[in-house]
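Notes to accompany the following structure.
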Amino acid sequence: MAHRRCLQSLARHVTALISLKTTRPLSTFEILTSKLSPAKTSPNLEPSWGSLWSHSRHFSSSKSDGSDNEVEMEEASDEESENDEVAPDLGRNYSPEEKEAEAAAIGYKVVGPLQPSERVFKAYEPVFAVIQIGSHQFKVSNGDCIFTERLKFCEVNDKLILNKVLLLGSATQTIIGRPILPDAAVHAVVEEHALDAKVIIFKKKRRKNYRRTKGHRQELTKLRITDIQGIEKPEVKTGGKPSKAAVKKPEKIAAAA
């Protein structure tokens, strides 16, 4: 079938050329031999028979499929997107003003390292606060431990002031910010920088031979809340336990035998 279509198309081209310029009619044998022979340069500018048919032809009976090309294009686009996702400021040097401004936008301020002589950890106080760090909100009390996304510009044992306080509360009063309380602050200490559990990301496109498996571990920062300021703290009663009233037990009367 392929040879028959080739001959038919060849005959159509021959008739078109003959109609444009009347020349001596060529036989089928001459046409085929001119196709198989390499193209020869003629002195005039008219194209030769070999130059007309020198390019390769692709028929519908070929078994080539474009799926492989599609897969290669998808892989190339994925690699380009991965290169674009790389953080451009990995080796950037921040000035102290830029560090302070970026930390304030997230919701904290670095005070300095914790000295061995300082005693910042206190006993439990019946006061709570709702704070915001980045895009997450936490309800904390004195002595609580929270995990947030990795905080830049701070190291282990650094003291922080969390200044985005949305709400303060105790047993006697509640203070709500609009949206934050300017006079309130929550003090914390950085305990460690850790990694969260691994999350598997699997992508698949059916009938495209496309599968991608990746793993991700989110960087976290562990904070210990040391103090909450901006609200009156009720006094904690440390008296002894109240004595229980003496309860008289009923006397048992022995029954006469």
Next on the checklist: Report, in listed order, any pair from 99/214; 139/198; 109/233; 99/164 with a Cα-Cα distance greater than 21 Å.
Outcome noted: 99/214; 139/198; 109/233
Checklist outcome for this item: The Rg/Rh figure for the stretch 129-168, Cα atoms and Kirkwood Rh, to two decimals is 0.93
Next on the checklist: Using all alpha carbons of the stretch 100-229, what is the percent of pairwise distances in each 10 Å bin, ordered from the shortest bin to the longest?
Outcome noted: 12, 37, 27, 13, 8, 4, 0
Item to check | Projected label distance in nm at residue 180 and residue 135, using a 7 Å step from Cα toward the beta-carbon | outcome: 1.8
Checklist outcome for this item: Checking rank on 154-160, 200-206, 119-125, with mean other Cβ inside 10 Å and highest first, the result is 154-160, 119-125, 200-206
Checklist entry - For residue 132, what charge total do you get from the other residues with a beta carbon under 12 Å from its beta carbon, if Lys and Arg give +1 and Asp and Glu give -1? => result +2
Checklist outcome for this item: Assertion target for 170, 9, 117, ordered by fewest C-beta neighbours within 10 angstrom first, is 117, 9, 170
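Computed from the coordinates by the stated procedures, all read-outs in this text should not be read as laboratory data. Here the structure is a predicted model, which is why all the values come from computation and not from measurement. Every residue, glycine among them, receives a Cβ derived from its backbone with ideal geometry; neighbour counts consider all protein chains shown.
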